[in-house]
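Please treat every number below as a calculation from the coordinates, not as lab data. These numbers were taken from a predicted model, which means no experiment stands behind them. With ideal geometry, Cβ positions are generated from the backbone for all residues, glycine too; neighbour counts draw on all protein chains shown.
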Amino acid sequence: MEKTYRRMPAEWEKHQATLLSFPHEGKDWPGKFAAIQWAFVEIIRKVAEYEPIVLIVKSEKQQVKVVEMLTRAHANMDQISFVIFDSNRSWMRDSGPVIVKTSDNRREALQFGFNGWAKYPNYKRDKHIPQAVAQFLGLDLVPVMYKGKPVILEGGAIDVNGCGTLITTEECLMHPTKQVRNPGFTKNDYENVFREYLGITNVIWLGEGIEGDDTHGHVDDICRFVNKNTVLACYEENKKDYNHLKLEDNLNRLKKAVLEDGKKPEVIKLPMPGRIDFEDMRLPVSYINFLITNGCVLVPTFNDKNDFKALGIINEVFTNKDVIGINATDLIWGLGTLHCLSHEIGL
């Protein structure tokens, strides 16, 4: 029998829908939870203008409340389907399923292990989000295993071009002193997993993520593919900033990297927003955490002088989509923004 191969589509490929989960706890946004709910409504309203949404809600009671809020905001309710599931948190990029296509023209929902970023204890319900979403979509759920054990990996830790190349960071997957996801894993082990489950033949390893990122260096705050041979990569021009050398190292690695076809990627530099601190924390602000839909790209903005510059650069690379800024100054208090909160459901 001929072997079946999998491929993880790029995020700009056609979507069935965007997966979101309406927040229902105040733990991720202490003191700002009321504002966050309306920020979520605005994200949903904009996405629904361009593609359907699969929206997880905690209960029927919460669904009634959310419908009322969305109706008041004039969201297109015909575009929104609800899944009732009592999750812990709303970070669908990391706990939601990865939808892959197979060589015999099927779709599968991959279930990577999830352990709360090796940091937080309230993740036990989120472990079952892939199963709930797969059941709703009518897709087979495939647990990702390696050497007999579940592989723990968040969606924000990887980015792909849909042709066989994946970008990730050593800080997130390989750092020797931080809590790791898969103890004992080597780069070769990860690359074997990526090959079998995502169809990846080429991995670009960057170094570290940005200061304030409590996920240990997710790539979706520092570098993203925008087409099959082009990446946007963050830079910090202030040499006194903690992020300057980290991001400079990543740019140097990208200059030396090759794609799956042996050609070098085009690297377009994207500025960082100015530093934002709230209470005793530096927040991981980044324009790279944008959300791609079928017809638009929603870009987090931060009331910063570089907002306009970043929107212009992103507009130049996504010439066939509307580029729209979404104020994320409240969202980022949860230590993530638009990409972290969403997950594409590819066709």
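Can you list the lysines whose alpha carbon sits under 24 Å from that of Lys239, skipping same-chain ones fewer than 8 residues off?
Lys255, Lys256, Lys269, Lys305, Lys309
Report for the chain the percent antiparallel among DSSP-assigned beta bridges with both residues inside it, nearest 5.
Numbers: 22 of 53 bridges.
The answer is about 40 percent antiparallel.
Within 10 Å, at most 10 other Cβ atoms, and a DSSP state outside H, G, I, E, B define an exposed site. Report the longest part of the chain free of exposed GluC sites (Glu not before Pro).
On the way: sites that count: Glu2, Glu279.
Here the longest segment lacking exposed loop sites spans 3-278.
Test of understanding: extend the Cα→C-beta vector of Met145 to 7 Å, then name every residue of region 98-130 with backbone N under 14 Å from that spot.
What the label zone holds, given the 14 Å backbone N cut-off, is 111-113.
Can you tell me the length gained on complete extension of the stretch Asp86 to Glu42, counting 0.36 nm per residue apart and subtracting the Cα distance?
On the way: separation 44, 0.36 × 44 = 15.84 nm, distance 2.23 nm.
That pair, Asp86 and Glu42, stretches by 13.6 nm at full extension.
Please give the length that would be gained between Glu211 and Arg72 if that part of the chain were fully extended, namely 0.36 nm times their separation in residues minus their C-alpha to C-alpha distance (nm, one decimal). List each step's numbers first, then the result.
Working: separation 139, 0.36 × 139 = 50.04 nm, distance 3.77 nm.
Once the chain is fully extended between Glu211 and Arg72, it gains 46.3 nm.
At 0.36 nm per residue, minus the direct Cα-Cα distance, what do Lys14 and Lys61 gain on full extension? Give it in nm, one decimal, please.
Additional length available on full extension: 13.7 nm.
Of Thr4, Gly155, Asn76, which is farthest on the positive side of the dipole of the chain, counting Cα position, with +1 on Lys and Arg Cβ, -1 on Asp and Glu Cβ, and the Cα centre as origin?
About the Cα centre, the residue reaching furthest to the positive side is Thr4.
Which of the aspartates and glutamates could a cross-linker span from Lys3 if the Cα-Cα distance has to be under 16 Å and same-chain partners fewer than 8 positions apart are dropped?
By straight Cα distance, Lys3 reaches Asp104, Glu108, Glu196.
Starting from the Cα of Asn188, step 7 Å along the direction of its Cβ; do the same at Gln131; then give the gap between the two resulting points in nm.
3.5 nm
Taking all pairs of distinct Cα atoms, average 1/r, flip it, and tell me the Kirkwood hydrodynamic radius of the chain in Å to one decimal place. Could you put the intermediate results ahead of the total?
Numbers: mean 1/r = 0.0494 Å⁻¹.
20.2 Å is the Kirkwood radius here.
Taking the alpha-carbon distance from Lys263 and a cut-off under 17 Å, which aspartates and glutamates remain once sequence neighbours fewer than 8 residues away in the same chain are dropped?
Cα-Cα hits under 17 Å: none found.
Using Cα-Cα distances under 8 Å and only pairs 6 or more residues apart, what relative contact order does the chain have, in percent?
On the way: 718 pairs, mean separation 69.1, N = 347.
So the answer I get is 20 percent.
Listed highest first by mean packing, meaning other Cβ atoms within 10 Å per residue, what order do 51-58, 131-138, 73-80 come in?
On the way: 51-58: 21.4, 131-138: 17.4, 73-80: 14.1.
Ranked by mean Cβ neighbours within 10 Å, highest first: 51-58, 131-138, 73-80.
What dipole magnitude, in Debye to the nearest 20, does region 6-346 give about its Cα centre under +1 on Lys/Arg Cβ and -1 on Asp/Glu Cβ? Write out the running numbers ahead of the final one.
Details: 42 positive and 46 negative charges, 104 e Å.
Rounded to the nearest 20 debye, it is 500 debye.
Can you pick out the pairs among Lys127/Lys147; Lys187/Lys228; Lys124/Lys149; Lys101/Lys147; Lys127/Lys246; Lys119/Lys187 whose Cα atoms lie more than 28 Å from each other?
Values: Lys127/Lys147 20 Å; Lys187/Lys228 23 Å; Lys124/Lys149 18 Å; Lys101/Lys147 23 Å; Lys127/Lys246 32 Å; Lys119/Lys187 22 Å.
Among Lys127/Lys147; Lys187/Lys228; Lys124/Lys149; Lys101/Lys147; Lys127/Lys246; Lys119/Lys187, the Cα-Cα distance tops 28 Å for Lys127/Lys246.
What list of whole percents do you get for P(r) of region 162-299, with Cα-Cα distances grouped in 5 Å bins up to the one holding the largest distance?
Reading the bins upward from 0: 2, 10, 18, 22, 20, 16, 9, 3, 1, 0.
Filter the trypsin sites (Lys or Arg not before Pro) in region 1-56 to those in DSSP coil with at most 12 other Cβ atoms within 10 Å of their Cβ, and list the result.
Numbers: sites: Lys3, Arg6, Arg7, Lys14, Lys27, Lys32, Arg45, Lys46; in loops: Lys3, Lys14, Lys27, Lys32.
Qualifying residues, ordered by number: Lys3, Lys14, Lys27.
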